[in-house]
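The structure under discussion appears below in the form of structure tokens.
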Amino acid sequence: MTAAERHDEAPRPTGEPPRFDAGALTAFAEALLVAAGLDGAKARDVAEVLVEGDLLGNDTHGLGLLSGYLGELGKGAMRASGEPEVIAERASVATWDGLRLPGPWLVRRAIDWAAPRAREHGTASVAIRRSHHIACLAAYLRQVADDGLLIVIASSDPATASVAPFGGTLAVFTPNPLAVGIPASNGPVLIDISASVTTNGMSNRLHAAGQRGAHAWWLDADGRAGNDPAVLFAQPPGTILPLGGLDAGHKGYGLALLVEALTGGLAGHGRADPPEGWGATVFVQIYDPSAFAGSEAFLRQSDWLVAACRASPPREAGRPVRLPGERGLALRVEQLADGVGLHPAIMPALLPWAERFGVAVPPARERAAGSR
């Protein structure tokens, strides 16, 4: 499932959000990034990935990140030009030093490197140290899975910590997302989950709005669970619970350790090293099913699972079982047609940047008559 689907129960603003043409938003974001000094090709990749996050409904990891990225460019914490340094490379495995270049551009480069090698060797992997933040992991999955390839992406941020190990109260991990794009005949399955019950982005948004979570997602420094994200900003700070919460958080704890091994472990740079600021250590792996039992055999299995999940009688009447990513993909189609519904906090955060750089703000558009 995508992050948007994980937070179906999170508080949402009331009323219809402002809607903008997706292409206009991409051009707007690209113009801001170029004005901030980012190379044109890199700016385009970052803008497209951010807007794709919003199209899929992940509005904490879409254009909501752009103001922060612009600030990082302004102070030199995100590198504006250059290429990653190759640390190691074999036929289908590479390790790069991202040199704090933009994360979305680096991940797209890693996919471009790995996909043809996966078709040749069956699988290919790239580990990236010292990337900047990589935005919404689900935003990278759809095209790869539509091309018949299975993709896995994992990310951690060794510069910060907000999630404690299960049974503890001192943060060690970030939410450590893991995303998988699975080919299927009638559209891919897109999994984007974290090793924690909620994300830093959602915690920050709720705290800024003075809101609480729908459930007890946080621990205070004394280990008491509650629904107030403000504990993360207290002294001493609280933590986000691992996936599974108080009852089964050992599962999220294990998942966090897996992500750390795939990212910091394979990249050879992580929490054992001095922090360098907001960023990411990344793992990208692509499989070509045709190199295993064959693409048709793979689709036969994935299609059976999709049908079986959808046929499962729903626990609540009127709420049929969905596949991970199904809601996000449907929302993407709707928003490409009717405009992207931005969270009300996003555009106000970007207006000062637009004024500073002299970039025209795209006009909000009316939703098409009869749209839901």
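The values are calculated or read from the model by the stated rules, or taken from the named source; none is laboratory data. All values reported here derive from a predicted model rather than from experimental measurement. Backbone-built Cβ (ideal geometry, glycine too); neighbour counts: all protein chains shown.
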- Message: Go through region 46-105 and report how many residues are closer than 25 Å to LEU331 by Cβ, not in a helix (DSSP H, G or I) and not hydrophobic (A, V, I, L, M, F, W, C).
- Response: 6
- Which numbered condition PRO158 misses (of (1) touching a Pro at 6+ places or on another chain (Cβ under 9 Å); (2) assigned to a strand (DSSP E or B)): (2)
- Task: List the number of the failed condition for GLY15; all other conditions in (1) at pLDDT 95 or above; (2) small (Gly, Ala, Ser); (3) surrounded by fewer than 24 Cβ atoms within 10 Å (Cβ to Cβ) hold.
- Result: (1)
- Query: Taking region 229-248 as the region of interest, how many residues are farther than 13 Å from THR169 by Cβ, part of a loop (DSSP other than H, G, I, E, B) and either of a type in the set (Phe, Trp, Tyr) or under 23 Å from the mean Cα position of the chain (by Cα) (or both)?
  - Reply: 2
- Task: Return yes when THR198 is buried (at least 24 other Cβ atoms within 10 Å of the Cβ), in contact (Cβ under 8 Å) with a residue 12 or more places away in the chain, under 20 Å from the mean Cα position of the chain (by Cα) and closer than 17 Å to PRO237 by Cα and no when it is not.
- Result: yes
- Message: If I ask for residues that are crowded, with 18+ Cβ neighbours inside 10 Å and under 15 Å from ALA114 (Cα atoms), which ones from region 278-303 would you list?
- Response: VAL282, PHE283, VAL284, GLN285, ILE286, TYR287, ASP288, PRO289
- Which of the helices (runs of 4 or more DSSP H) contained wholly in region 276-371 include at least 3 residues that are more than 27 Å from the chain's Cα centre (by Cα)? 295-311, 346-357
- Query: Conditions: (1) crowded, with 19+ Cβ neighbours inside 10 Å; (2) in a helix (DSSP H, G or I). ARG119 meets all but one. Number of the miss?
  - Reply: (1)
